[in-house]
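See below for the structure under consideration.
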Amino acid sequence: MREDRTVRVHGAIERWRIVWRTAPEDTCSPNTSSNCPCFPFAYGQSGEADLVRSRPGQTDDVFALGPLFAGGPGLLARQPNHAVIARWPVANGDHQMDRAALAEAVKRRPAVTVMDLADYNHDGWATEFELPIGGFGCAMWYRVVVGITPQRPEIHAFGSVAKPDTPLALPAGGWSLLRKARSGKVKYMEQQCGFRGGDTELEIELRAGARGVHTVRRSYSCDGERRLLQTDTL
């Protein structure tokens, strides 16, 4: 058992659990967590894991988390169908401690909360949570949102309106920004001019609606005029 939560869904009490199928392995440990790709996962564990949703009088709704990481961004060494999930929190001063002592201290800390449930798509149901799936370098970390909606009441990874069955992996805190936007609409910078030598600026617009999340990426020139170069529906 990685985490066990009681969730109220439309007046009913449910039990949501993240369960390892086999004993997980430590990853992004105190010895490796300084690597940028490890930042969202320190100090973590990896292995095959399921999100199991139990409801009175119904069969369990089981959702495998590992496939969300398959082929995703990032440089973590992962086996097929393995999820990578933060387990113990990082604390200030960890980098100053002896590695052996730190490894022992870390495992005495309370577990990081994975299922921090909130209403990301503004449908009135706080029945979803963010899950980091990887990233590039020290800046571009991607996250998906997993949960249920009134329109799709089985556990799933949220997609966009254009691609409802493809998990929508957003960088730069996009999901969190959408959750906090009272209007259910937000624009944010995915890539600034000059990032890694690039000559374009990338902006993402998210809008929560009755059909789901509408997602558009716009590319602008970096020549001082900020000309719109391309618009893509994600």
- Which order results if I85, I13 are arranged by neighbouring Cβ count within 10 Å, fewest first? I13, I85
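Using DSSP to define loop residues, name the GluC sites (Glu not before Pro) in region 169-234 whose beta-carbon has at most 16 other beta-carbon atoms within 10 Å. Spell out each step's value before the answer.
Numbers: sites: E190, E201, E203, E205, E225; in loops: E225.
Answer in residue order: E225.
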- Where no second cysteine Cβ lies under 4.7 Å, the cysteines concerned in the chain: none
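Going by C-beta contacts inside 10 Å, put T6, T233, T215 in order with the fewest on the left.
Numbers: T6 8, T233 11, T215 21.
Taking fewest neighbouring Cβ atoms as first place, the list is T6, T233, T215.
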- Under the Karplus curve 6.51 cos²θ - 1.76 cosθ + 1.60, θ = phi - 60°, whole-Hz ³J(HN,Hα) for region 41-52, x wherever Gly or Pro sits: 10, 7, 8, x, 9, 9, x, 7, 9, 10, 9, 10
- Message: Test of understanding: ordering S183, S176, S46, S54 by Cβ neighbours within 10 Å, fewest first, what list do you get?
- Response: S183, S54, S176, S46
- Taking amide hydrogens as modeled 1.01 Å from N in the peptide plane, which residues meet the under 5 Å criterion relative to Y120, leaving out close sequence neighbours? T127, E128
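Read-outs: derived from the displayed coordinates by stated rules, not from any lab. Every value quoted in this text rests on a predicted model; they were computed, and no experiment measured them. Cβ: placed from backbone, ideal geometry, glycine included. Neighbour counts: every protein chain shown.
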